[in-house]
Amino acid sequence: MLCILFNIVNVWMEEGVFRGLFLKTLSETKPFMQANFIAAFLFGIWHIVMPIRSYVNGEMSFAAMLLMAIGYIILAGIMGIKYVVSLKGADELQIVRIMAAQIISFAFVMVVYYCRKRNANR
């Protein structure tokens with residue numbers, strides 16, 4: 001039950017507050033892109049709880065926690081910028097962007113892997 005409750009709170013915070021309330025409120029005084037970047041940055045800040053928890057539990061060093069926190073801010077921030085709601089109220093092309101990003105990322109990893117493997121065999 002706690003898992004379900006916390007997931008509902010998380011979805012409400014991420015979609016309702018960051019993509020709804022913050023974006024709408026900020027858009028009243030700022031251009032949409034600026035408001036979207038601010039909301040995305042706050043969305044990134046929301047995600048640093050995981051590395052902080054790992055540091056507090058002794059699962060990672062302070063330096064690793066700091067690096068992971070910065071990574072979460074950047075990654076979640078980028079994801080926050082990419083999630084755009086259409087006039088119909090849904091991000092209809094979200095899956096296309098996610099798939100494209102994953103395919104490009106996979107291709108990059110494969111190129112690096114094969115280049116390193118080829119250089120190791122020389």
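Consider the stretch 3-18. How many of its residues are of a type in the set (A, V, I, L, M) and either open to solvent by 90 Å² or more (accessible area, probe 1.4 Å) or over 19 Å from L42 (Cα atoms) (or both)? Spell out the reasoning first.
Applying the first criterion (of a type in the set (A, V, I, L, M)) to the stretch 3-18 yields 4-5, 8-9, 11, 13, 17.
Keeping just the survivors that are either open to solvent by 90 Å² or more (accessible area, probe 1.4 Å) or over 19 Å from L42 (Cα atoms) (or both) gives 4-5, 8.
Residues that pass the stated criteria total 3.
So if I check each of F22, F32, which one is in contact with a helix residue (DSSP H, G or I) (Cβ under 9 Å, 6 or more places away or on another chain), loosely packed, with under 12 Cβ neighbours inside 10 Å and of a type outside the set (D, E)?
On the way: F22 fails: loosely packed, with under 12 Cβ neighbours inside 10 Å.
None of the others qualify; the one that does is F32.
Output the residue which, of all residues in the stretch 47-64 that are closer than 24 Å to F37 by Cα and surrounded by 13 or more Cβ atoms within 10 Å (Cβ to Cβ), is nearest to the chain's Cα centre (by Cα). Step through it out loud before you land on a result.
At the first step, the residues of the stretch 47-64 found to be closer than 24 Å to F37 by Cα are 47-52.
Still in the running and surrounded by 13 or more Cβ atoms within 10 Å (Cβ to Cβ): 47-48, 51-52.
On the way: H47: 8, I48: 11, P51: 14, I52: 16 Å.
By that ranking, first place goes to H47.
Starting from residues that are at pLDDT 85 or above and small (G, A, S), keep the ones in the stretch 71-122 and report whichever is farthest from R19 (Cα to Cα).
So, considering only residues that are at pLDDT 85 or above and small (G, A, S), the one farthest from R19 (Cα to Cα) is A120.
Residues to consider are F43, F37; find the one that is at pLDDT below 85 and either in contact with a helix residue (DSSP H, G or I) (Cβ under 8 Å, 6 or more places away or on another chain) or open to solvent by 90 Å² or more (accessible area, probe 1.4 Å) (or both). Talk me through it step by step, then tell me what you get.
Values: F37 fails: at pLDDT below 85.
Among F43, F37, only F43 is at pLDDT below 85 and either in contact with a helix residue (DSSP H, G or I) (Cβ under 8 Å, 6 or more places away or on another chain) or open to solvent by 90 Å² or more (accessible area, probe 1.4 Å) (or both).
The values are calculated or read from the model by the stated rules, or taken from the named source; none is laboratory data. Computed from a predicted structure; not experimentally measured. No Cβ is skipped: glycine too gets one built from the backbone with ideal geometry, and neighbour counts run over all protein chains shown. Surface accessibility is based on the protein's heavy atoms, side chains included, excluding ligands, DNA and RNA. Shrake-Rupley method; radii C 1.70, N 1.55, O 1.52, S 1.80 Å.
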